[in-house]
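Peer 1: Pasting a structure here, questions to come.
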Amino acid sequence: MVLAVGLAGPAARAAAAPARDDERLTRLTEQIKALQSVVDGAKNEAEKRRLEANLEQLKRELSILADRQAIEERQRVLAENLTASPLDTLREKLRAVDRTVEEGEVRLRELGAQRKRAGAEREALDAQLQALVRENRPNTTARVAELEEAIFTKNEEVRALALQREAAEQEIELAREADRLRAAIKTVESTTKPTLRGLFEGYAKLRDDTKAEYQVATLANNLEQNLKISQSSLDLSQLKLAKFDEELALLEKQSGFFSTNREVERLLAAQRSQKKALVERMPHIAAQVDALRRAQQAVAARRELTALDASGRRDTLEAQKEAYLLRLRWPGLCLAALLVVYVFIGWVWLPRRRKNEGLFLARRLSRYLHVLAATGIVAGFFFDDLSMVAAAFGLVSAALVIALKDIFTSIAGWLAMMVGGRMSIGDRVEIDGTKGDVLDIDLLRTTMLEVNGWLGTDQPTGRVISMPNNFIFTKKLFNYSHGHPYVWSKVEFTMTFSSPAGEAMALFKRVLEEETQTQFAEARVAASNMRSRYGVEDAIYEPKVRMRTADHGIVFGLFYVAHYKDLSSSRTRITRRVITELETKPHLQFAYPTIQYLDDPKAPGHTAEPSAKWGAPAA
C-alpha cells in the first residue's frame, strides 16, 4: 500500500484555525472598543452597570482567546521541532505504510493465478483462430475478425494482470523497505557508544542508500514514461469510442425499417463488433493505467523513504563523528600524559641513575614499556574497534604464526634476554663460535662488534655482526662478563727435561703472583656478586701453576684471571716477565725442535738423513 497523506488534513485544519481565531480576535476587539465608548457615555447607572458586565465578559473572552492562541503557537512550534529531523519525518512516513509483506504475497499469488487463467484462455482463442485459417472456408471472415479482436482484448487483459503483478511486487518491496527501515531505526536508537567500526559501516550503508536511491529514481522515471503512454492509450481509446458512437449514429440514420442497404448493414455490424470489443477492452486498459499509477506511487514512496533514510543517516553520521571526536579527547589526553612521563623518565630521571650502556638499555626498555602502555590505552578505549581487527586477525593467525615463526621466536628471545638477564649491552659473548661485544639488543635482533676473529687476539676486528634473537633458544651462549668481568686464562711454557722442574715452577709461580696480584684481588671482590646471585663460589681466585710431561719436554701451565678486555695484554705482560727472568738463568731452557747431524757413519744410530728432535741446542 502506498504512503497515505493523513497528515495533510490535520495540517490544513491547523493552518485554517489561526485564521478564524484572528478574525474573531479582531471582531472582539472592535466590539470591546465600541462597547467601551457606549459605557463611557451612559447616563443611567443601571444601564451602565449592565453594559460594564457585558464589557467584562467580552474582555474575559478576549483574554481566553489570546491565551489559547499562545498555547496553539507553542504547540505549533513544538510540532515543528518534533518533525524537524529527517529521522522523525521518516518515522512518521513509516507509520503510513499499512501494507505488509504477507498481504502483498497473497495478492501476488492471486494475480499469478488470474494471469495463468487468462493466458490459457488466450491460447484457446489463438488455437480456434489457427484452425479457421487452416480450414480456409468461406463466410468465416467475420468470425476471424471477431477472434482477432478477442485475442487482442485478452492480450490487454494479460498485460493488465502483468502490470498489476508488478505493482504488487513494488508494494511488497515498499513493505520490505519499511520493515528494514523500522529495524534500522531501532538499531540507531539502541546504539549508545560511537565506534570507528560503526562509522565505517554507516558510510558503507550511506553509499548503498545512494545507489538504491539512484536505482529507484531510474525505476520511477521508467514508470512515469509507461504511465504517460498507457494514459495516452486510454485517452485515445475513449476518443475512439466516442467516434464509434458518432459513426454508428450516422450509419443508423442511413438504415431503417423502410430503407435497407446491405453495405450499410455490413458496416453497422462491423462497427458494432469493433465497439463491443473496444468496450470490453477499456476496463483492461484502465486497469493497466491504475496498476502503473499504483506502482508509481509505491516507487515514489520508496524513493521518499530512501531519501529520508539517506538524510537521516547523514545526520546520524555527523552526530556520531562529533561524538567520536569527543571520545578521542580522553585517550588523547592519556597518550599526551604518557608522552610527558616518557620524556621525563628517559631524559631527566634515567641519566641520573644510569650511564653509557646501562642508560641506552634503560631508555630502550622505557620506550618499549611506554609503547606497550600506549597500546593498552588504545585497546581499552577502542576495544569495540579492535574487536573487528582481532576477529579478522584470528582467521589468519595460524598461518601468520607459521609464516612469521622466526619473527615471533625472535621477539620471544628478546623477552627472555630482558627478563632472564643472561646478556646485556656491553657484554662480551661468544655465540656459535663468534665472539663479540654486544652493541644493541632490539626487538628482533642482536648487534655485536666482532672480537678476535682472524686477528688471533682480543681485539675488535671492526666488523659488526647482526643475528636474530632466536639464537637464545638454539645456540650455546658464552658470556665473558656475566656476574663479573674477570675470566680465567693461561700461558704455557715448555722446558727441556734437563731444566730443574722445581726451580722452574717456583720461578713461574713467583712471576704469576707478582704480575696478577691486582687482578686476583679485584676478582675476589667481584666474585661476591656470583655468591649473592647463585649462592655458591664459582672458583678459588688464586694463581695456579700446573705442569705435565710431553714428548718434547715439561709443559708448565700458568693460570691467571684478568678482565675480559685485558686478556691479551695480561698474557703479553706475563710472557715478557718470564722471558726476562729466564735470561738470567741459563740452566732453565725452553724446549724447541733441533736438528742433529751424526758425522761417523759407523757410529750407533747413524742415518743418512738428518734427525729432528726436541731439546736444547747442541754444543
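Peer 1: Confirm whether residue 485 is in contact with a strand residue (DSSP E or B) (Cβ under 6 Å, 6 or more places away or on another chain) and of a type outside the set (Gly, Ala, Ser).
Peer 2: In short, yes.
Results for (1) in contact (Cβ under 8 Å) with a residue 60 or more places away in the chain; (2) of a type in the set (S, T, N, Q), shown as yes or no for each residue.
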| residue | (1), (2) |
| --- | --- |
| 141 | no, yes |
| 146 | yes, no |
| 154 | no, no |
| 158 | no, no |
| 168 | yes, no |
| 173 | yes, no |
| 180 | no, no |
| 183 | no, no |
| 193 | yes, no |
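Peer 1: Take residue 274 and tell me if it is of a type outside the set (A, V, I, L, M), modelled with pLDDT of 85 or more and surrounded by 15 or more Cβ atoms within 10 Å (Cβ to Cβ).
Peer 2: So residue 274 fails the test.
Peer 1: Of the conditions (1) within 18 Å of the chain's Cα centre (by Cα); (2) modelled with pLDDT of 85 or more; (3) not basic (Lys, Arg), residue 336 fails just one. Which one is it?
Peer 2: (1)
Peer 1: Let me ask something additional. Counting just the residues of the range 441-455 that are assigned to a strand (DSSP E or B) and within 36 Å of the chain's Cα centre (by Cα), which one comes out nearest to residue 418 (Cα to Cα)?
Peer 2: Ranking the candidates gives 441 first.
Peer 1: So for the range 159-169 (the condition being surrounded by fewer than 18 Cβ atoms within 10 Å (Cβ to Cβ) and within 40 Å of the chain's Cα centre (by Cα)), does at least one residue qualify?
Peer 2: Yes, the conditions are met somewhere in the range 159-169.
Peer 1: So which residues in the range 350-378 are more than 27 Å from residue 437 (Cα to Cα), surrounded by 11 or more Cβ atoms within 10 Å (Cβ to Cβ) and modelled with pLDDT of 85 or more, if there are any at all?
Peer 2: 370, 371, 373, 374 - these are the residues of the range 350-378 that are more than 27 Å from residue 437 (Cα to Cα), surrounded by 11 or more Cβ atoms within 10 Å (Cβ to Cβ) and modelled with pLDDT of 85 or more.
Peer 1: Which residue, of 265, 280, 304, 318, is within 29 Å of residue 99 (Cβ to Cβ) and either touching a residue at least 24 places away in the same chain (Cβ under 8 Å) or assigned by TED's automatic domain parsing to the domain that holds residue 152 (or both)?
Peer 2: 304
Peer 1: Please go through the range 549-562 and pick out each residue that is closer than 30 Å to residue 429 by Cβ and either surrounded by 19 or more Cβ atoms within 10 Å (Cβ to Cβ) or of a type in the set (Ser, Thr, Tyr) (or both).
Peer 2: 558, 560, 561, 562
Peer 1: Please pick out the residue among 342, 324 that is touching a residue at least 24 places away in the same chain (Cβ under 8 Å), touching a His at 6+ places or on another chain (Cβ under 6 Å) and either farther than 28 Å from residue 122 by Cβ or β-branched (Val, Ile, Thr) (or both).
Peer 2: The conditions single out 342.
Peer 1: Restrict the check to the range 92-109 and report whether at least one residue is among the charged types (D, E, K, R), outside any helix (DSSP H, G or I) and touching a residue at least 24 places away in the same chain (Cβ under 8 Å).
Peer 2: Among the residues of the range 92-109, at least one is among the charged types (D, E, K, R), outside any helix (DSSP H, G or I) and touching a residue at least 24 places away in the same chain (Cβ under 8 Å), which makes the answer yes.
Peer 1: Still on this structure: Scan the helices (runs of 4 or more DSSP H) fully inside the range 260-354 and keep the ones with 2 or more residues being within 30 Å of residue 118 (Cα to Cα).
Peer 2: Filter on the range 260-354 gives 262-327.
Peer 1: Then there's this: Just to be sure I understand, how many residues within the range 521-546 are within 21 Å of residue 562 (Cβ to Cβ) and either of a type in the set (D, E, K, R) or in a strand (DSSP E or B) (or both)?
Peer 2: Number of matching residues: 9.
Peer 1: Being assigned to a helix (DSSP H, G or I) and closer than 30 Å to residue 175 by Cα: is that true of residue 249 here?
Peer 2: Criteria not met by residue 249.
The values are calculated or read from the model by the stated rules, or taken from the named source; none is laboratory data. Quick caveat, the model's predicted, so the values are computed rather than measured. Counting neighbours? That spans all protein chains shown, and the Cβs are built from the backbone with ideal geometry, glycine included.
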